[in-house]
Structures are given as structure tokens and as C-alpha cells.
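Chemist: I'd like to ask you about the structure that follows.
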Amino acid sequence: MTVTISKIVWLAFAIVWFLMRMRPRRHARETPVRYSARDGREFALLGASLTGLGIVPCVYLTTHFFRFADYPFIPALSYLGIAVDLASAWLFYRTHRELGRNWSVSLDLRERHILVTTGVYATIRHPMYAGFWLMALAQALLLPNWIAGPAGLVGFGLLFFGRVGREEEMMIAAFGDEYRAYMRRTTRVVPKLY
């Protein structure tokens, strides 16, 4: 393993993630939105996440702008990063598949929206967020740079902590006691912990 291969692996997983998000089979965009909580705050949070998980690492890979913050490459961290990215990709695949037409990039409820509580949703309420946390951790492990590596944790952290409460309030408003019961038997992103 070399630092170049580690960077290529990060890029390959980013492309895989993008392709999973664009899968034509999902057809979520064809289902009309019934309620949306998209506002300036939501777009700012999405921008922070995109900056940390996409823009900053891409600038790092394509320019020498952040090279001053490089630290010595440790191959074992890259191998761990690959394992974490594989777990992240699996989780993204499962959540997209299980959400189907309910999926949205933002805080939206679609027509005929159903509460998904099976599969990966049987244990944690927000497996998509868990996948993003894993993706951000993998970035920190694969990119040996004090700015580009942890940028995903910071960017996605802003989105997560700025959005998850609002999302759960939206789900309670939509599904009431059914969602409250679901909250009691699950955790947010880490099974049995949080």
C-alpha cells in the first residue's frame, strides 16, 4: 500500500457512492413530495457536508493546496480505511434499497410515504447517517492530511447534529405513536449505544 493507492481508493469509493446515489432503479424522484422542510439552514448543512466529504478532499487530491498539513503515511490506517469504506458502501446499498421510493437527499416526506422499520432499520433509525459517519471515518484513515482527512467528520458532523433532531420531529409529526414506539426500540446510528 502506498499513499497514492490510498488516495485512489478514496476516490474509487467516492465514485461508487455517487453511482449508488444516482441508481435509476430507485425512482424516488418520480414520487411527489408531500411535505418538505428544505430551507436555508438545510441547504447550508448540505453544503457543509458536501464541502467536508467532497470538495476539500478533491482539492487536496488535485492541487498542492493542503500539502503543508500532510503527515507520515501509515499503511495499516489505509487498510483499516478500506474496511470501513466497504462497511459504509454496504450500508448505503442496504439503506437505498430498503427506502426505495421514500428516499430523499433532504428532509422530505413523499406521497404514500411509509415508515421503514425492517432490515438495517430494525436496529438503527438512521442507517444512512451511520453510513456517512463510516464514510467520513474512512476518509480520515485514507487521506494522510490533517485538513482533508478529518474534513468529512467535521462537515458531516455539522449536517448530522444540525438535522437529526429536526428529522425525528418531522417523523413524529407524520407517524405519531408508531414512530415514538420505533424510537424506543432502536438507537440513532450505533446499535445499542446511540
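Chemist: Just for the range 138-162: of the residues that are outside any strand (DSSP E or B) and touching an Asp or Glu at 6+ places or on another chain (Cβ under 7 Å), which one is surrounded by the most Cβ atoms within 10 Å (Cβ to Cβ)?
Modeler: Checked the range 138-162; the qualifying residue surrounded by the most Cβ atoms within 10 Å (Cβ to Cβ) is A138.
Chemist: In this structure, does T4 turn out to be assigned to a helix (DSSP H, G or I) and under 22 Å from M128 (Cβ atoms)?
Modeler: In short, no.
Chemist: Condition (residue is surrounded by 14 or more Cβ atoms within 10 Å (Cβ to Cβ) and within 20 Å of V154 (Cβ to Cβ)) applied to the range 99-120: is it met by at least one residue?
Modeler: no
Chemist: While we're looking at this one, here's another question. Condition first: small (G, A, S) and either under 19 Å from L19 (Cβ atoms) or free of Cβ contacts under 8 Å to residues at least 24 places away in the same chain (or both). Now tell me which residues in the range 64-96 satisfy that.
Modeler: Matches in the range 64-96: A76, A83, A87, S88, A89.
Chemist: Kindly indicate whether any position in the range 64-79 is under 27 Å from R166 (Cα atoms), of a type in the set (A, V, I, L, M, F, W, C), out of contact with any strand residue (DSSP E or B) (no Cβ under 9 Å at 6 or more places or on another chain) and at pLDDT 95 or above.
Modeler: no
The values are calculated or read from the model by the stated rules, or taken from the named source; none is laboratory data. Keep in mind the model is a prediction, meaning the values are calculated, not measured. Don't worry about glycine lacking a Cβ; one is built from the backbone with ideal geometry, like all the others, and counts go over all protein chains shown.
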